[in-house]
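Each remark here refers to the structure printed beneath this line.
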Amino acid sequence: MRAIRVLFIFLLFITFQTKSQDQDPQKYIIFKAFSQLPTEVDHSLYQSLEQARLPMEKLAYLDTIGIIFLRTDLVDSVIYYGRQMNQLISDLDPEDENVNYYQQRAYFYEGEGKRDIGLLEDAIATFIKGIELSVSEDNTMQKFLKLGLAKTYLTKREDAKANAIIQKLSTNNEELSLTLSILITKADYYFSRNHLDSAMLMYNKVLEEEKIDNYPKLKLHAQVYRGIIQSEKGYKEEALTIFFESKEIALEKGFYDLYIKSILNEGNIYREKKEYDIAEAALSMAYINSVSWNRMILQRRVIRALVDLYVEKEDFKNAFSLMTQDSYITRQISSQQNQLQLRDIELKYETLQKERKIDNLQKEQIKKEAEISRQKTIKNAILIGFCIILAPIILLLVVYYQKLLAQSMLNKQQEELNKQEVQSLLQSQELQLAKTSIVAQNEERSRIARELHDSIGGNLAGIKLQMNNITHQDAYIKQLMQQLDATYEQVREISHSLIPKAFKDQAFTQLVSSYITNLSNAQDIQLHFSAYPESEIDQLEQKLQVMLFNLIKELVTNAFKHAQASVINLQLSIFTDEGTIDLLYEDNGVGFDLNKTGKGIGLKNMEHRVETFNGTMAIDSAEKRGTVISISIPKA
């Protein structure tokens, strides 16, 4: 049957040549047939494939060659290399992510090739196998497989199935080649549904893309279909111009499908214009190329166009012959789809022969690789030696830089510490001076008060007792007694008045609160004072209030000097049931160990004051844990 087909093509071509002798030869130069198989695969790729030893390395080379053939429409080669990849993958782990990736690409190549040849059922099955390999919808290869399946459904005129797939493919955030392919397929769907305006808008959108020149096949596809739409709308001359330009580009780039489609549509336009000789020449060349490149779907389309042409010319004999050829192609498509298993076995055998050849080449390659490895070892040794010398230098520079940074930070910290120390000393001196002044004043006042009360007051009381023993008290003695009583009261009032004035001007709790507030404002420390119940505390005897106030001042002063605290809490309470007055001091400072440092003068003075009032003082402190001091004094 293949011999019959070749003979038919030859006779058709001879017929065309005979008729064209009476026509203007320039009119037919534009229709060209391919004489040799063009290819862009560099020979070094085949050599690298034969020399590759690792399966993943072989897959990479097979994939690269498959891409090149796919771009140039060499569908038989595309199918071959897709099957080669699948055969190699059958011996690998299917769970491996890289293996899965290459297997999807292998099915993609097979599906694309089968569709372009015309084996649509097999193409659909192949695309579905590839899609089922991955469950991820974000997989770019998965989307290309779905796009290929949609194109196949469009070729079968199953537009609804194609549209169901296309609608789920988004063009957002995708690589440009995928985005443009989706737009092209959507435009093809509109064209198939005869929505010509929508299709034209979509093709124009593709052509307006800034980087469309990087994708010449997609660009040419859009241009050819724009020409078809122009022809459908009646703009025949504009369409012819587009087809003339498109077929020249397709011929140059090796886009055989688009070349055949351009000539086919040219022939249809000339047939509609009644220029039958030119139409026959164009359609004959389209048929020759479709047979040469094994495009069975396009063969049927060209044959039907030729049948229409011969019917219009009333050449029913040739029309009938072509209809017979159309039936033969239909049977051939069906037959080829049933013989795929046999072709797979043949391909496996061919692959085995090639692998044996590759094994022989690999033995020679091992020798060459040994020499290359030796040279690499020498280069690596030189590089390592250089790195060994360079590494300490870099390390020293890094250490020196870090040292400079550390020294700079230390200088800043030391400067801050010096400022804080000076400020602390000044504050300590001011507090000590104020404390000394207050203590001296209070001691002097107390001494004078005691002298007045104990010495002079005692003497006056003794004189009064003696005068009371006089039996004969006349008016003069009574007057002296009255003056003596008045003098005693004045001495008593003077001694009491020597007690600090602040205790008379305001309540005790307010006095302590004011003192705490003033200190808190002057220091970067939080001081808190609470008293409960305030009314009872304010009613305490003045000597007890003075003692408590002195204790509070001593506690706060010691904290400023030694504790380095940021928070100080003071709580003064009266427990009626127990009959005690409790003063609780707490800070979050550095603390101290009594066993190591012992008690300083401040703590000893506080203990002495507390013991004077029959009270107790407990200290709970540890290094880095703060200090708690609890003082308990009997209320009466």
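Got a sec? Which helices (runs of 4 or more DSSP H) wholly within region 162-272 have at least 3 residues that are within 24 Å of Leu74 (Cα to Cα)?
176-192, 216-232, 236-253, 256-272
Quick check on Phe592: is it among the hydrophobic types (A, V, I, L, M, F, W, C), without any contact (Cβ under 8 Å) to a residue 40 or more places away in the chain and under 29 Å from Asn521 (Cα atoms)?
Against the criterion (among the hydrophobic types (A, V, I, L, M, F, W, C), without any contact (Cβ under 8 Å) to a residue 40 or more places away in the chain and under 29 Å from Asn521 (Cα atoms)), Phe592 qualifies.
Counting only residues that are of a type in the set (Ser, Thr, Tyr) and touching a helix residue (DSSP H, G or I) at 6+ places or on another chain (Cβ under 6 Å), which one in region 281-313 is nearest to Leu119 (Cα to Cα)?
Ser290
Looking at the structure I just gave you, is Met141 within 31 Å of the chain's Cα centre (by Cα) and either under 27 Å from Ile297 (Cα atoms) or of a type in the set (A, V, I, L, M, F, W, C) (or both)?
In short, yes.
In the list Leu397, Leu383, which residue meets the criterion of being modelled with pLDDT under 85 and out of contact with any Ser or Thr (no Cβ under 6 Å at 6 or more places or on another chain)?
Every option except Leu383 fails the conditions.
Quick one: would you say Ser621 is in contact with a Phe, Trp or Tyr (Cβ under 6 Å, 6 or more places away or on another chain) and either among the charged types (D, E, K, R) or within 30 Å of Gln423 (Cβ to Cβ) (or both)?
When the stated conditions are applied, Ser621 passes them.
Kindly indicate the residue of region 24-60 that is charged (D, E, K, R), surrounded by 11 or more Cβ atoms within 10 Å (Cβ to Cβ) and in a loop (DSSP other than H, G, I, E, B) and also modelled with the highest pLDDT among those meeting that condition.
Arg53
It is to be established whether one or more residues within region 86-99 are crowded, with 17+ Cβ neighbours inside 10 Å, of a type in the set (D, E, K, R) and over 29 Å from Met296 (Cβ atoms).
The answer is no, given that none of the residues of region 86-99 is crowded, with 17+ Cβ neighbours inside 10 Å, of a type in the set (D, E, K, R) and over 29 Å from Met296 (Cβ atoms).
Test each condition in (1) surrounded by fewer than 24 Cβ atoms within 10 Å (Cβ to Cβ); (2) within 18 Å of Leu119 (Cα to Cα); (3) not polar (S, T, N, Q) for Tyr256 and report the one that comes out false.
Among (1) surrounded by fewer than 24 Cβ atoms within 10 Å (Cβ to Cβ); (2) within 18 Å of Leu119 (Cα to Cα); (3) not polar (S, T, N, Q), the lone unmet condition for Tyr256 is (1).
The values are calculated or read from the model by the stated rules, or taken from the named source; none is laboratory data. Nothing here was measured: the structure is a model prediction, and the numbers come from that model. Because the Cβ atoms are built from the backbone with ideal geometry, glycine has one as well, and the counts that use them run over all protein chains shown.
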